[in-house]
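The values are calculated or read from the model by the stated rules, or taken from the named source; none is laboratory data. Computed from a prediction, not measured in an experiment: that's the story for all the values here. Counting neighbours? That spans all protein chains shown, and the Cβs are built from the backbone with ideal geometry, glycine included. The accessibility values were calculated without ligands, DNA or RNA, using every heavy atom of the protein model including side chains. Shrake-Rupley method; radii C 1.70, N 1.55, O 1.52, S 1.80 Å.
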Amino acid sequence: MPQDSRSLWDAEAETFDDAADHGLRVPEVRRAWADLLLPLLDRRGLRVADLGCGTGTLSLLLAEEGGHLVTGVDFSPEMIRRARAKVGRAHPQPDFIVADAADPPLRPRTFDVVLSRHVLWAMPDPAVALEKWIELLTPTGVLILVEGRWHTGAGLTAQECLRIVRDQRQDVEFRALDHPSYWGGPINDERYLIVSRS
């Protein structure tokens, strides 16, 4: 990623968790994300790659509530610094590394889950990034994407994202995420979940 993009996200880190869905500080919002994500992981202790993890909120949620072994990757050193500062007494403790989610420096075929929230749209080539993410999965691994197309025009429409995923995977499930509980209030744009198990 270009240095100016990294600097932009470093600057965003200070207020990143102010958004209800980023910080998960509101108990009802945290519960909504836990109830959405944890049932997708069929047992405790799975190896999870959280790509574009930001300040690590979902990484911590999965570790604390699901006992999962999470590696969070983000190219913003300030986001990762803040993620590490949150770990505290979490068990198991997520591992956070500064690296580009477009080409994560993780061992192929070693993760049970690849999770990415609002990141695929920002990749220089989403299809190429997704191919690299899929390479991280074990043969029975699960891909979980939370994406959207915002009122600003940024993002991927559900149709665009489904096409990218279906070009590389066979089993693809879709769910709209329009309930206010995920976002801390009503939304007026397209947000959704895609899950692929093969």
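If we scan region 136-154, do we find a residue that is of a type in the set (Asp, Glu) and more than 25 Å from Arg25 (Cβ to Cβ)?
No, that holds for no residue.
For region 28-68, which positions are touching an Asp or Glu at 6+ places or on another chain (Cβ under 8 Å), free of Cβ contacts under 8 Å to residues at least 40 places away in the same chain and open to solvent by 10 Å² or more (accessible area, probe 1.4 Å)?
Matches in region 28-68: Leu38 only.
Counting only residues that are in contact with an Asp or Glu (Cβ under 6 Å, 6 or more places away or on another chain) and more than 13 Å from Glu147 (Cβ to Cβ), how many does region 183-195 have?
1
Among the candidates Leu120, Leu162, Leu145, Leu177, single out the residue that is free of Cβ contacts under 8 Å to residues at least 40 places away in the same chain and surrounded by 14 or more Cβ atoms within 10 Å (Cβ to Cβ).
The conditions single out Leu162.
Restricting the search to region 70-93, which residues are within 12 Å of Thr57 (Cα to Cα), over 14 Å from the mean Cα position of the chain (by Cα) and touching a residue at least 40 places away in the same chain (Cβ under 8 Å)?
Across region 70-93, the qualifying residue is only Arg82.
So Trp9 ticks every box in (1) under 25 Å from Phe111 (Cα atoms); (2) touching a strand residue (DSSP E or B) at 6+ places or on another chain (Cβ under 9 Å); (3) in a helix (DSSP H, G or I) but one. Which box is left unticked?
Status for Trp9: all satisfied but (1).
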